[in-house]
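Working notes, beginning with the structure itself.
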Amino acid sequence: MRNHLAYSALNYFGESNLDRVHQHRKNPVWLDEQLSKPRTVLLPFRGLRPLLTQDRQLQPLSVRELPVQEMDLTPILLGERNGQAYFAVDLLEEHDIPLGTGSFQDLREVTLQLARPDSSLLAYAKAMIHWNRQHHFCSVCGAPTLSKEAGHVRQCTNPACHTSHFPRTDTAVITMVTHQGRGLLARQASWPAGMYASVAGFLEPGETLESAVAREVQEEVGLPVHHVEYHSSQPWPFPASIMVGFMAEAASDAIKLDPAEIEDAHWFTRPELQRLVDRGEIKLPPALSISYRLITDWLKG
Ligand SMILES: [Zn+2]
């Protein structure tokens, strides 16, 4: 039996060495204590971009450098690592703090240069900041919400409603489709020239993950799927998804494209695809994506 815990950790954003210290989120004494310790690590973001050094590594700030409580900021507790508490902080333009030589950079562009556990940490932080930003108002009654439990709950301020809102993740399925030893790759018109990837789409309410795989493959490339196997999963904070990867065997190879979604799709044998990739005639998706992992795992057989 495959150990999926280890297998998913091989995906970018899937390897973490953080203890999320769930038990401390509701403990104001513990939280205040952490926010006064010089060793506590603050990870500032601005416009959903993390603060990084010039050579694209984490540039954490201390509570002395970024006095979050004096500045009336709402830090989000991420967890503990090596005995230090980690918080994400969403800075607005008006929060003018000395950054040294650091700058706010796009996570997607820097992921391959970051240490794996650091990229996972930033992905988690970015997703939490995004969710908090999107839930300043209650979706039940429209009243403002307040951050609770160190940023992991938003509570409606209307006493008649008082709904608690919890962080949400959008589930997407992504599938390497095969048929009798060949693999299928498809491209959307908006992608860079020559780039092909596996088929993907969002899970809909009332579906199993596996039936979402079968539906997406049928919709996008017109292929009936009769066998689905789970591969691995990947947190994907662009902006708020979990990608769930599958291998699926199609019952036929007669492709029928949905032109609204897919510009082109092809079947490849492993040697054919490898040759086209080596020659640069086909580009695979970025190495940080689970699509890249699905395709390269299939290529390795
Ligand atoms: Zn409400």
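The values are calculated or read from the model by the stated rules, or taken from the named source; none is laboratory data. From a predicted model like this one, the values you see are computed outputs, not experimental measurements. When we count neighbours, we look across all protein chains shown, and the Cβ atoms used for this are built from the backbone with ideal geometry, even at glycine.
Summary table below
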{"read-out": "So V228, is it surrounded by 14 or more Cβ atoms within 10 Å (Cβ to Cβ), within 26 Å of H22 (Cα to Cα) and either in contact with a Phe, Trp or Tyr (Cβ under 8 Å, 6 or more places away or on another chain) or acidic (D, E) (or both)", "value": "no"}
{"read-out": "Which numbered condition V68 fails, given (1) without any contact (Cβ under 8 Å) to a residue 40 or more places away in the chain; (2) of a type in the set (V, I, T); (3) surrounded by fewer than 18 Cβ atoms within 10 Å (Cβ to Cβ)", "value": "(3)"}
{"read-out": "From R293, R215, residue being in contact with a Gly (Cβ under 9 Å, 6 or more places away or on another chain), under 22 Å from M1 (Cβ atoms) and assigned to a helix (DSSP H, G or I)", "value": "R293"}
{"read-out": "Verdict on V29 being outside any loop (DSSP other than H, G, I, E, B) and surrounded by 21 or more Cβ atoms within 10 Å (Cβ to Cβ)", "value": "no"}
{"read-out": "Whichever residue in segment 125-154 is buried (at least 16 other Cβ atoms within 10 Å of the Cβ) and part of a strand (DSSP E or B) and, among such residues, is farthest from the ligand (Cβ to nearest atom)", "value": "S147"}
{"read-out": "The listed residue being more than 16 Å from the ligand (Cβ to nearest atom) and under 20 Å from R20 (Cβ atoms), out of G83, G102, G181", "value": "G83"}
{"read-out": "Subset of segment 155-178 (residues that are within 10 Å of the ligand (Cβ to nearest atom) and either out of contact with any strand residue (DSSP E or B) (no Cβ under 8 Å at 6 or more places or on another chain) or in contact (Cβ under 8 Å) with a residue 40 or more places away in the chain (or both))", "value": "N158, P159, A160, C161"}
{"read-out": "Some residue of segment 232-245 being assigned by TED's automatic domain parsing to the domain that holds L273, assigned to a helix (DSSP H, G or I) and either more than 21 Å from the chain's Cα centre (by Cα) or surrounded by fewer than 15 Cβ atoms within 10 Å (Cβ to Cβ) (or both)", "value": "no"}
{"read-out": "Segment 75-112, residues that are of a type in the set (V, I, T) and either outside any loop (DSSP other than H, G, I, E, B) or modelled with pLDDT of 95 or more (or both)", "value": "I76, V89, V110, T111"}
